[in-house]
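Only the coordinates and a few stated rules stand behind these numbers; no lab work does. These numbers were taken from a predicted model, which means no experiment stands behind them. Note that we place each Cβ from the backbone using ideal geometry, even for glycine, and neighbour counts take in every protein chain shown.
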Amino acid sequence: MTVSSDKSRLHAPATEESTLPLDGGEIHVCQDGPCDAPALLLIHGTAASARSWEPMVPLLTGSHRVIRIDLLGCGQSAKPDRASYAIPDQARRAGAALDRLGVEHTIVAGHSSGVAVATALAEQRPDLVTALVFINFGPNMAAYIGEEAAIDPEQWPDFTDEQLRQAVSSGFAPGYQIPQPFLDQVRDMDLHVFAATSLGVRAYLNEQGLPERLAPLGKPLLVIYGEEDRRWRPSSTAEYRAVPGAIVEMLPGAGHSPNLEDPPRTAVPLLAFTANHTPQAD
């Protein structure tokens, strides 16, 4: 296990990084905050990695053991040939990673397609997942308003930063200056994994919408949503109210990625919610 720290945050605790050997491939994990604090698992979206949560982490570690994973095929996790990137398979790996870390109960927060993985994990491991936080992801494919990505693998490595910004601009509020670290994540993504994940998300939602999956589980749910989302219709959040007790928090002016665009404003409802639904530390 290696320990590293971000030199730009001199006063922040070091991030503990590890690689967990699981069936199907190694999973890269980042942990921050007190090891005896209640666990909070953060799951990134398509074309991203655990790094996409970095702006949020310092706001969450005062009350949580924050765990971030690179889903298989993403970030520093393995990218094995012929791996399945179906949503249920990614969720099983997330659960196995938590088992290796000795986590018995956790709140799970997902951003974008990470929400689908969080939902599948709750379906598979209701004993493990105590509550859910969704950030900007529609309840079903009818809510999708983005354009299908058309990326030429031959041209991808030569994209300039400005071309990358244009390619991912719908993932943010209009006028938002996309930070370089996120562009670096996008540039490093595996296009096969991106395509397979996109198909996996569509298949999972077409099989059954998220409110229908969640209603029988009885898990507390918080939906945080940037009102300027250009990928998933903001009005579709009303459908999440079919989940008993669901809370929907709209963020005016924010786009598809409020966890990157405005971490402090995103953290406020998240922390208020986890304070009421935090499991006891293991």
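What order do you get for Met141, Met56 when you list them from fewest to most C-beta neighbours inside 10 Å?
Neighbour counts put them in this order, fewest first: Met141, Met56.
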**OP:** Counting other beta carbons within 10 Å of each Cβ, put Val129, Val248 in order, fewest first.
**Re:** Val248, Val129
**OP:** Name the residue farthest towards the positive end of the dipole of the chain from the options Ala254, Trp53, Ala242, assuming +1 on Cβ of Lys and Arg, -1 on Cβ of Asp and Glu, about the Cα centre.
**Re:** Ala242
Subject >> Among (i) 7, 29, 34, 23, 7, 1; (ii) 6, 24, 31, 24, 12, 3, 1, 0; (iii) 7, 31, 40, 20, 2, the entry that matches P(r) over Cα pairs in 10 Å bins from 0, in percent as calculated here >> reply: (iii)
Original post:
Within the stretch 219-253, what residues put their amide N at less than 19 Å from the label point 7 Å along the Cα-to-Cβ vector of Ala142?
Top reply: 231-244
Subject >> Residues Thr237, Thr15, sorted so that the one with the fewest Cβ neighbours within 10 Å comes first >> reply: Thr15, Thr237
Subject >> Computed magnitude of the charge dipole of the chain (debye, nearest 20; Cβ of K, R +1, Cβ of D, E -1) >> reply: 520
**OP:** Kindly provide the helix-only [θ] at 222 nm of the chain, computed as the sum of -39,500 (n - 2.57) over DSSP H runs of four or more divided by all residues, to the nearest 500 deg cm²/dmol?
**Re:** -9000 deg cm²/dmol
Original post:
Which order do peptides 18-24, 60-66, 31-37 fall in by mean Cβ count within 10 Å, highest first?
Top reply: 60-66, 31-37, 18-24
**OP:** Count the DSSP beta bridges whose two residues both fall in the chain, then state the antiparallel fraction as a percent rounded to the nearest 5.
**Re:** 40
Subject >> Spin-label model distance (nm) - Thr160 vs Lys79, 7 Å beyond Cα toward Cβ >> reply: 2.5
Original post:
Over the stretch 103-215, what is the mean sequence separation of C-alpha contacts under 8 Å (at least six apart), divided by residue count, expressed as relative contact order in percent?
Top reply: 31
